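Trainee: Here you go, one structure.
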Amino acid sequence: MEQTKLYELPPLPYAYDALEPYISEELLKLHHDKHHAGYVKGANAILTKMDKARADGTEFDTKATFKELSFQVGGNVLHTLFWKGMAPAGKGGGGEPTGILATKLIEEYGSFARFKKLFSMTANSVEGSGWAALAFCKKTNRPFIMQVEKHNVNIYPNFRLLLALDVWEHAYYPDYKNERGKFVEAWWNLVNWKEASHLLDMILAK
Ligand code: MN
């Protein structure tokens, strides 16, 4: 049986300057190397603490620990999805989805334009720090737009994520200051629809 592991910071799937002019090299570096790395470090610190408690035969504060663990792990999972869900503009990033994903979005939202509008509204109306995300529910065969608070609140258990947009201030402030809406609008030029479609295909194939 494989041994237990800790989390690892995944490398970005493109160069730090690859998402310019929509996300600057400086911002991408800071976001990936400091913020995302911080959640990986935070999650691992808790797992290590739990491993140590087991070895020492001691207990720990389960309420605080598991709440914190959910936040840190959620941060890692969502950031990983966020990076993979983008590609350089015009080179895999932007445009519209094709195939089954396009069909599902049009079935659910009426048109791609309406989906885009609702998703942007979701991102722009996150209170404080959070995310807009797209998930798929196999039971109903429907895509769901999600508004996640922090990294872990309003998650639908068992729904599979296809796409995530970070709207924490750290995700846009260095480039866009307080204008979150401009960042959200810019992000559409980077969306990697091929990756989101691939994730949906894998869910439907199971
Ligand atoms: Mn972030």
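The values are calculated or read from the model by the stated rules, or taken from the named source; none is laboratory data. From a predicted model like this one, the values you see are computed outputs, not experimental measurements. Don't worry about glycine lacking a Cβ; one is built from the backbone with ideal geometry, like all the others, and counts go over all protein chains shown.
Trainee: Out of the stretch 156-170, which residues are out of contact with any helix residue (DSSP H, G or I) (no Cβ under 6 Å at 6 or more places or on another chain) and within 16 Å of the ligand (Cβ to nearest atom)?
Mentor: W168, E169
Trainee: Kindly indicate which of L6, L47, L12, L28 is among the hydrophobic types (A, V, I, L, M, F, W, C), within 16 Å of the ligand (Cβ to nearest atom) and either in contact (Cβ under 8 Å) with a residue 40 or more places away in the chain or loosely packed, with under 12 Cβ neighbours inside 10 Å (or both).
Mentor: Of L6, L47, L12, L28, the one residue that is among the hydrophobic types (A, V, I, L, M, F, W, C), within 16 Å of the ligand (Cβ to nearest atom) and either in contact (Cβ under 8 Å) with a residue 40 or more places away in the chain or loosely packed, with under 12 Cβ neighbours inside 10 Å (or both) is L12.
Trainee: Let me ask something additional. I'd like to verify a number: residues in the stretch 82-110 that are in contact (Cβ under 8 Å) with a residue 24 or more places away in the chain, assigned to a helix (DSSP H, G or I) and of a type in the set (V, I, T), how many?
Mentor: Number of matching residues: 1.
Trainee: If I filter the stretch 186-196 for residues that are in contact (Cβ under 8 Å) with a residue 12 or more places away in the chain, out of contact with any Phe, Trp or Tyr (no Cβ under 7 Å at 6 or more places or on another chain) and in a loop (DSSP other than H, G, I, E, B), do I get at least one hit?
Mentor: Checked the stretch 186-196: at least one residue is in contact (Cβ under 8 Å) with a residue 12 or more places away in the chain, out of contact with any Phe, Trp or Tyr (no Cβ under 7 Å at 6 or more places or on another chain) and in a loop (DSSP other than H, G, I, E, B).
Trainee: Moving on to the next point. Check whether at least one residue in the stretch 26-46 is polar (S, T, N, Q) and farther than 17 Å from V191 by Cα, and report yes or no.
Mentor: Within the stretch 26-46 (the criterion being polar (S, T, N, Q) and farther than 17 Å from V191 by Cα), the answer is yes, since at least one residue qualifies.
Trainee: Separate question: Among all residue pairs at least 6 apart or on different chains, which show Cβ distances below 6 Å where the first residue, located in the stretch 112-128, is closer than 19 Å to W168 by Cα and the second is modelled with pLDDT of 95 or more and in a loop (DSSP other than H, G, I, E, B)?
Mentor: Taking only residues 6 or more apart or on different chains, the pairs are A123/V167; V126/V167.
Trainee: Follow-up question, since we're still on this one. Under 6 Å between Cβ atoms, which residue pairs at least 6 apart in sequence (or on different chains) link something in the stretch 59-81 that is under 25 Å from Y14 (Cβ atoms) with a partner that is basic (K, R) and within 12 Å of the ligand (Cβ to nearest atom)?
Mentor: Note: no pairs meet the criteria.
Trainee: Do we find a residue being under 17 Å from the mean Cα position of the chain (by Cα), away from the ligand (no atom under 14 Å from the Cβ) and aromatic (F, W, Y) anywhere in the stretch 134-146?
Mentor: Yes, the conditions are met somewhere in the stretch 134-146.
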